[in-house]
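Single-structure report; data block below.
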Amino acid sequence: MRKWTHSLAVTLMIVLLAGAVLQNAGAEDNGLERTPILGWSSWSFLRKHPTAAQMKAQALALRNSGLEKIGYEYVNLDDFWYQCPGSQGPNVDAYGRWLTDASKFPAQGDTNGIKVVADYIHRLGLKFGIYVTPGISRQAVHRNTPIKGTSYTAAEIAETSVEEDNYNCKGMVRINYNQPGAQEYTNSWVELFAAWGVDFIKLDGVKNSNAPDVQAWSNAIRHSGRPMVLDVTQGNFTSAIAPTLMKYANQWVFAPDVECYRCEKGGSSYPLTSWANVANRFNFVAESQPYVRPGAFNDYDSIEVGNGSNDGLTPAERQSQISLWALGASPLILGVDLTQLDPADLQKYLKNSAVLAVDQDSIAAKRVRNSGDRQVFAKREQNGDTIVGLFNTGAKAEEVSVPASAAGLAENESGYSITNLWTGESTKTRSTIRAVVPSHGIVLYRVRGL
């Protein structure tokens, strides 16, 4: 869904690690996302065909599965909710904002179809998210629609020579935030979302040049008075936008889409991902580790675990995806079909409270070993326990080990108790944390001194 250049992303991470400026950039302090959010998004499975009925079915399945009881609460509608007649950009309302596709999200009386869905999701005790991209539709500029609550118009704030990234509809152009009315235009968007009951905004297709958009959306959320998570996802990031993300967003995606588009067969979105698309996250998790804190999280994209073989991952790989995201304290946003959950995936993986706690501690692990097919991540929790993830990215089972001291454990003459968080088995060790790890698998330990 997103364009992505590996070299640009690597450049970003290098600068993030070296740039002292970011050490002073505080996270968006809106009281939200003190721990990584848990939920579901429509893109991986529904792709271009979300409807009100499907969104309601997925939300109900989330609640009925028991996932809601352990914290999965966001139900996020991704792209294709609005009218897209062609490359001239989305159809717009009287104030230049996208029009809901009523064929997918029919109104009920005077109630907009998106609000109908949001209201249903809220009645289930869940939260609702929506998707948008930077800029303003060429249709709004052509019609020169007024900006709500002002004397300004769309043409006065638009830079029609600069295209913005709207991957599937096109026709979005840049907003010049130096122009009067520009912030008010974005305010009107967020006021509309607030009226619909939106709790989460995904701002997709962001580039370096969209730093003013990120700030404007953050300002608009504050202006609206409704708490909303701001999730910023990329077209092509480099270091130029990093301070803005750290200051104004709750979470952001540095990595490419996790979905395996080339793997799909027969018009299906299955298999949802591949091991290669999961394994390319290891460097991102390692390099972005220093900048995770409550209210600011690296989002490594959807968790594609829940549909059995349709996940596109082996059982060992499913454990690795969830474990890597948890070690990185990433939001866990499921991309699977919740109405067809595989019982083993649900019980063994998604409902493993010991592993979920590793994610919800809001602490990002450091990579303490990166040697061939062996990678080790570790983090110290507030209670003094150390979490150690032993990964084997190779094609056959191998022993993976790390000295206790290298994992950040204090020297202890009596040794350490280690508990496998996926199996519940406990053992002891004197000085080295080790295990035979299956191909593409992990052994995830909680370690404490005896």
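The values are calculated or read from the model by the stated rules, or taken from the named source; none is laboratory data. Given the structure is predicted, the values throughout are model-derived calculations rather than measurements. Methodologically, a virtual Cβ is constructed for each residue, glycine included, from the backbone with ideal geometry; neighbour enumeration extends over all protein chains shown. Remember, those area values only see protein heavy atoms, side chains included, never the ligands or the DNA or RNA. Shrake-Rupley method; radii C 1.70, N 1.55, O 1.52, S 1.80 Å.
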Worksheet entry | Count of the stretch 220-250 residues which are small (G, A, S), surrounded by 23 or more Cβ atoms within 10 Å (Cβ to Cβ) and touching a residue at least 60 places away in the same chain (Cβ under 8 Å) | 2
Practice prompt. Out of the residues in the stretch 42-75 that are basic (K, R) and outside any helix (DSSP H, G or I), state the one that is surrounded by the fewest Cβ atoms within 10 Å (Cβ to Cβ).
Written response: K48
Worksheet, complete the sentence: Filter the stretch 288-323 for residues that are touching a Leu at 6+ places or on another chain (Cβ under 6 Å) and either assigned to a loop (DSSP other than H, G, I, E, B) or not hydroxyl-bearing (S, T, Y) (or both); the one that is farthest from T339 (Cα to Cα) is G312
Fill in: First in the stretch 95-106 and farther than 17 Å from K56 by Cα and of a type in the set (G, A, S), second anywhere and open to solvent by less than 60 Å² (accessible area, probe 1.4 Å) and assigned to a loop (DSSP other than H, G, I, E, B), Cβ under 6 Å, 6 or more apart
G96/T145
